[in-house]
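Chemist: A single structure is presented below for examination.
The values are calculated or read from the model by the stated rules, or taken from the named source; none is laboratory data. This one's a predicted model, so the numbers in the text were calculated from it and none came from an experiment. Quick reminder, even Gly has a Cβ in these numbers, built from the backbone with ideal geometry, and neighbours come from all protein chains shown. Please note that ligands, DNA and RNA were not included when accessible areas were found on the heavy atoms of the full protein model with its side chains. Shrake-Rupley method; radii C 1.70, N 1.55, O 1.52, S 1.80 Å.
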Amino acid sequence: MAYPVQLGFQDATSPIMEELLHFHDHTLMIVFLISSLVLYVISLMLTTKLTHTSTMDAQEVETIWTILPAIILIMIALPSLRILYMMDEINNPSLTVKTMGHQWYWSYEYTDYEDLSFDSYMIPTSELKPGELRLLEVDNRAVLPMEMTIRMLISSEDVLHSWAVPSLGLKTDAIPGRLNQTTLMSTRPGLFYGQCSEICGSYHSFMPIVLELVPLEYFEKWSASML
């Protein structure tokens, strides 16, 4: 959950999000080094006399500033591709949940169970209890087991939506007529908040997502009580 005036990412809850944070730090360090070098060169050009102008015509310098950017791009591309393939990989999920976007709420269907499905609406501000978060709380949370691979099937019944939970590193478009899928796995229990990240209409900002990750035994009790 983000807090006021937060500048960085939310705390990682899944292995994928941890990899994304490491990749962000890796790329940001490269950008910082390049920016520092450019700033240093510009400051030299403004503060010193160019007594060795023939240096800029040297083939060695041209070779360096051609090869170095290529190496930097490779250093960024390889980790990026690795994480991209990790995010698309789905191996023997323990549970499958189908998420449908509507104007303007989400519905969840646990496909491994016969009659376990419900709609998830945002709780109006006037009905919030003390401690609940405005524009983020829902009447029915999606309860999922932690430390298990869960496959999310995401689609829409009307317009484009986007199912996004930042702390889990998830953001998948919900497209009418198309079934997208993603996987999630939480390393710790808790409540994880997200919102629709696609401009889907006038109530776009009122489509919160709340995932409640619990140990398997609590999930089994919850699923039994919902059937």
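Chemist: Which order, highest average first, do 188-198, 17-27 follow once you tally other Cβ atoms within 10 Å for each residue and take the mean per peptide?
Modeler: On the way: 188-198: 18.4, 17-27: 14.8.
For the peptides 188-198, 17-27, the packing ranking is 188-198, 17-27.
Chemist: Just to confirm, what accessible area per residue do you get for the chain at 1.4 Å probe, in whole Å²? Could the numbers behind the result be given before it?
Modeler: Values: 14200 Å² over 227 residues.
Spelled out: the 1.4 Å probe surface of the chain, per residue, equals 63 Å².
Chemist: Using every pair of alpha-carbon atoms in the range 15-88, split the distances into 10 Å bins beginning at 0 and state the percent of pairs per bin, rounded to integers.
Modeler: 15, 34, 26, 15, 8, 1
Chemist: Just how much of MET75 is accessible, in Å², when a 1.4 Å probe is used and the result is rounded to the nearest 10?
Modeler: MET75 has an accessible surface of roughly 90 Å² with all protein chains in place.
Chemist: Quick one: putting +1 on the C-beta of Lys and Arg, -1 on the C-beta of Asp and Glu, what dipole do you get for the range 71-227 around its Cα centre, in Debye to the nearest 20?
Modeler: Working: 10 positive and 19 negative charges, 109 e Å.
Once rounded to the nearest 20, the dipole reads 520 debye.
Chemist: Another question, then. Sequence neighbours fewer than 8 away in the same chain don't count; with that in mind, list the aspartates and glutamates whose C-alpha is under 19 Å from LYS129.
Modeler: LYS129 reaches GLU137, ASP139, GLU212.
Chemist: Please get the size of the charge dipole for the range 103-165, origin at its Cα centre, with Cβ charges of +1 on Lys and Arg and -1 on Asp and Glu, quoted in debye to the nearest 20.
Modeler: Details: 4 positive and 12 negative charges, 69 e Å.
Magnitude of the dipole: close to 320 debye.
Chemist: Please list MET122, MET45 in order of solvent-accessible area, largest first, computed with a 1.4 Å probe with all protein chains present.
Modeler: Details: MET122 45, MET45 120 Å².
Result, largest first: MET45, MET122.
Chemist: Which net charge results when you count Lys and Arg as +1 and Asp and Glu as -1 among the other residues whose beta-carbon is under 15 Å from that of GLU198?
Modeler: Once all neighbours under 15 Å are counted, the net charge is -1.
Chemist: Tell me the carbon and sulfur percent of the accessible area for the chain, rounded to whole percent, probe radius 1.4 Å. Don't skip to the end; give the middle numbers.
Modeler: Working: 8520 of 14200 Å².
Within the chain, the accessible surface is 60 percent carbon and sulfur.
Chemist: Report the accessible area of GLU62, computed with a 1.4 Å probe over the heavy atoms of all protein chains in place, in Å² rounded to the nearest 10.
Modeler: Here the residue's solvent-accessible area equals roughly 80 Å².
Chemist: Using a basic spin-label model with each label point 7 Å from the Cα along Cα→Cβ, how many nm lie between PHE118 and ILE90?
Modeler: Calculated label separation equals 2.4 nm.
Chemist: Could you pull out every one of the lysines with an alpha carbon less than 16 Å from that of LYS98, ignoring same-chain neighbours closer than 8 positions?
Modeler: Partners within reach: LYS171.
Chemist: Here's a follow-up. How are the C-alpha pair distances of the chain spread across 5 Å bins, as whole percents from the shortest bin up?
Modeler: 1, 6, 11, 14, 15, 13, 9, 6, 5, 5, 4, 4, 3, 2, 1, 0, 0
Chemist: Quick one, could you list the DSSP H helices from the chain stretching 20 Å or more along their long axis (Cα atoms) with average Kyte-Doolittle hydropathy of 0.0 or above?
Modeler: Numbers: long enough: 15-47 (48 Å, 1.38); 59-88 (44 Å, 1.26).
Helices meeting the span and hydropathy rule in the chain are 15-47, 59-88.
Chemist: Further question on the same structure: Below 8 Å, C-alpha to C-alpha, sequence gap of six or more: please give me the relative contact order for the chain in percent. All intermediate terms of the calculation are to be shown ahead of the outcome.
Modeler: Working: 388 pairs, mean separation 47.7, N = 227.
Result for the chain is 21 percent.
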